[in-house]
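Each remark here refers to the structure printed beneath this line.
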Amino acid sequence: MSDASAILTSLHQQFDAVTFVPQQTVDNIDTLWLPKENIVAVVRYLKNTISAPFNLLYDLCGIDERDRMGKEKLPAKDFTVIYSLFSLDRNKFIRLKVALEGEYPSIPSITSLFKNANWYEREVYDMFGIKFEGHPHLQRILMPLTWQGHPLRKEHPARATEIGPYRLINETIDREQDALQFKPEEWGMKRESDDADFMFLNIGPQHPGTHGVLRIVLQLDGEDIVDAVPEIGFHHRGAEKMGERQSWHTYIPYTDRIDYLGGVMNNLAYLLAVEKLAGIEVPDRVKVIRVMLCELFRISSHLVWFGTFAQDVGQLSPVFYMFTDREKVFDIIEAVCGGRMHPNWFRIGGVAQDLPKGWDGLVRDFVKYFPPKIKEYTNMVIRNSLFKGRTKGIGVYTLDEAIEWGVTGPGLRACGLDWDFRKKQPYSGYEMFDFEIPTAQNGDCFDRAVVRVEELWQSLRIIEQCLNNMPEGNYKADHPLTTPPLKKYTMQDIETLITHFLNVSWGPVIPAGEAMSCIEATKGANSYYLVSDGNTSSYRTRIRTPSFPHMQMVPYVSKGYTVADLLSILGSVDFVLADIDR
């Protein structure tokens with residue numbers, strides 16, 4: 001019996017009165033529809049009772065199904081809430097779907113089962129107006145509290161030109177100012193204890209380092225943090241909504257701006273899902289080119305983190321040295337792609353152009369240059385006694401706590417688990433490369449730093465293998481849905497010319513289906529869950545970013561530490577607000 005059949009059999013035995021409706025998806029993730037009355041019990045069983053449990057809530061999102069073509073083939077009603085659970089022991093996802101009916105439906109909350117469900121459910125409420133019964137604090141999270149409507153509903157305008165001119169009248173100013181006032185009682189906080197008055201301190205909203213615009217309201221007893229409330233959404237640009245109006249091809253540059261330090265990695269996470277839907281298999285040369293560029297951007301992103309983290313805890317010099325080396329990475333990126341931070345260079349089925357002449361010399365020079373610099377920065381920062389004093393034993397969490405809060409990437413590996421999508425579920429040819437997964441044991445700020453520094457060595461190792469083993473062949477798949485298709489074939493027959501014309505003007509028509517792709521991005525697990533109803537654009541684009549659950553965990557790991565320690569914790573998380581807010 002297959003694992004999927006065994007899980008379904010187990011669920012039928014445990015819930016004999018519940019009707020589970022399987023759905024076949026392009027990504028082959030086990031997908032089950034079930035009634036909303038049973039969602040809490042089923043999730044509890046999958047998390048706590050079943051063997052090799054699904055103990056990680058990977059994602060929770062919604063879909064407005066009302067305009068979807070072909071939905072009559074599914075149990076879908078007006079809205080769908082989707083739960084993506086992951087079993088680290090099985091190395092396997094399971095996707096649960098609940099169909100909801102009505103203008104503003106409701107569904108039981110699972111915040112009693114997964115701590116990280118809190119923000120995910122708030123986001124679904126914010127974007128769709130779906131209420132979660134039993135949620136401890138169901139209010140908007142990405143949009144302003146005064147916002148009218150729910151942006152990912154199909155009737156909500158996608159462009160400012162559809163709304164009319166904005167008028168800032170005095171009543172609007174008063175309402176907005178009042179909404180910005182933090183009211184501790186709304187969050188279950190007391191203003192005083194038996195022996196002390198608490199102070200409430202705003203950190204932000206401003207731009208601390210290069211992490212992005214963030215506000216954290218701290219409840220303080222002297223210097224000690226009693227509680228914290230992060231306020232996000234200042235960078236929210238409606239990236240998922242944009243996916244509904246852009247063609248499959250023209251949406252690629254928008255992905256660059258999610259984790260704006262990750263560059264082409266954002267493109268890859270999106271394109272892998274598109275290529276699954278379209279049935280496109282890319283040549284080996286494309287895979288290796290993509291891997292090389294992704295690892296260069298991993299180094300670039302880690303250099304930004306390394307320098308700004310040192311700056312956050314008071315060491316000013318490293319950021320200037322590390323940004324100088326980041327420029328050397330960007331010199332390679334610019335020579336290959338023509339762009340730097342936002343190259344927009346990957347394409348459906350391949351890359352924009354083949355590697356230019358001389359690319360190997362640039363990469364070889366960097367591979368020789370960078371190792372001594374890693375050693376220098378390790379001595380400068382990691383072995384610095386003051387840095388150790390600010391980071392060792394600070395912001396500690398265990399492996400179980402990391403999984404409970406949805407932590408992935410270096411933050412998870414710093415707790416001793418060698419989990420990395422590049423190894424466990426290889427994509428884009430990562431199975432062809434020889435590299436290690438760095439881990440640490442203590443789960444504190446220092447260990448999270450050590451893991452990222454070790455990842456610099458492993459990325460360099462992968463890049464060197466790309467340099468020495470770059471396959472020959474095409475830089476684009478020979479497939480009618482690649483965009484733009486190879487121009488040299490357009491004059492052979494009228495059908496090829498028409499395909500070229502339509503793909504460039506309209507963009508490709510991707511077959512109906514659903515697919516999710518997962519990659520090991522610079523900050524953790526990043527994925528795109530795409531729903532196509534057979535059109536020139538995505539019906540639903542869901543972006544799961546690592547920084548979102550990581551920021552949600554900050555209050556939990558900050559309690560009992562000081563304000564100065566909070567800066568160490570924030571730096572060790574390595575978040576980008578655009579990655580949180582999308």
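All of the numbers you see were taken from the coordinates with simple rules; none came from a lab. What you see is a predicted model, and the numbers here were worked out from it, not measured in a lab. Cβ: placed from backbone, ideal geometry, glycine included. Neighbour counts: every protein chain shown.
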(request) Please go through the residue pairs Lys388/Lys523; Lys92/Lys423; Lys36/Lys77; Lys328/Lys368; Lys424/Lys523; Lys154/Lys276 and name each one whose alpha carbons sit more than 19 Å apart in this structure. (result) Lys388/Lys523; Lys154/Lys276
(message) Sort His137, His236 by Cβ crowding within 10 Å, fewest neighbours at the top.
(response) His137, His236
(message) If each DSSP helix of 4+ residues adds -39,500 (n - 2.57) and the sum is divided by the residues in the chain, what number results at 222 nm, nearest 500 deg cm²/dmol?
(response) -11500 deg cm²/dmol
(request) Return the long-range amide H neighbours of Arg540 (sequence gap of 5 or more, or a different chain), with a cut-off of under 5 Å between placed amide H atoms. (result) Val531
(message) Taking the beta-carbon count within 10 Å as an exposure proxy, list Trp248, Trp119 from fewest neighbours to most.
(response) Trp119, Trp248
(message) Net charge within 13 Å of Thr308 by Cβ-Cβ distance, Lys/Arg positive one each and Asp/Glu negative one each, not counting Thr308 itself?
(response) 0
(request) Name the helices (complete DSSP H segments) of the chain with a Cα length along the long axis of 24 Å or more and a Kyte-Doolittle mean of at least -0.5, or state none. (result) 284-312, 317-337, 445-468
(request) Order by neighbour count: Val329, Val576, fewest other Cβ atoms within 10 Å first, most last. (result) Val329, Val576
(message) Per-residue counts of other Cβ atoms within 10 Å, averaged by peptide: what ranking do you get for 429-439, 79-89, 167-177, highest first?
(response) 79-89, 429-439, 167-177
(request) Compute from the Cα atoms of the chain the Rg and the Dmax, the latter being the longest Cα-Cα distance, and quote both in angstrom. (result) 24.1, 85
(request) Work through the residues other than Gly349 whose Cβ is under 10 Å from its Cβ and net out their charges, Lys, Arg +1 and Asp, Glu -1. (result) -1
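Within segment 205-266, list the GluC sites (Glu not before Pro) lying in a DSSP loop whose Cβ has at most 13 other Cβ atoms in a 10 Å radius.
Glu223
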(request) Give, as a single signed number, the net charge of other residues whose beta carbon lies under 9 Å from the beta carbon of Asp78, with Lys and Arg counted +1 and Asp and Glu -1. (result) -2
(message) Under 5 Å between amide hydrogens, which residues at least 5 positions from Ala228 or on another chain qualify, with H placed 1.01 Å from N in the peptide plane?
(response) Gln219
(message) Suppose we look only past 21 Å in the calculated P(r) of segment 475-554. What percent of the Cα-Cα pairs does that tail hold?
(response) 49
(request) For segment 134-143, take each phi angle, set θ = phi - 60°, evaluate the Karplus expression 6.51 cos²θ - 1.76 cosθ + 1.60, and give the result in whole Hz per residue in order, putting x for glycine and proline. (result) x, 5, x, 7, 7, 9, 4, 10, 9, 8
(request) Mind giving me the nanometre distance, one decimal, between the label points for Gln441 and Lys190, set 7 Å out from Cα along Cα→Cβ? (result) 4.0
(request) Before anything else, pin down the relative contact order of segment 19-122: Cα pairs under 8 Å, at least 6 apart, normalised by residue count, whole percent. (result) 30
(message) From the phi angles alone, apply the Karplus equation (6.51, -1.76, 1.60; θ = phi - 60°) to segment 29-41 and give each ³J(HN,Hα) in whole Hz, x where the residue is Gly or Pro.
(response) 7, 4, 10, 10, 8, 8, x, 5, 5, 9, 5, 5, 5
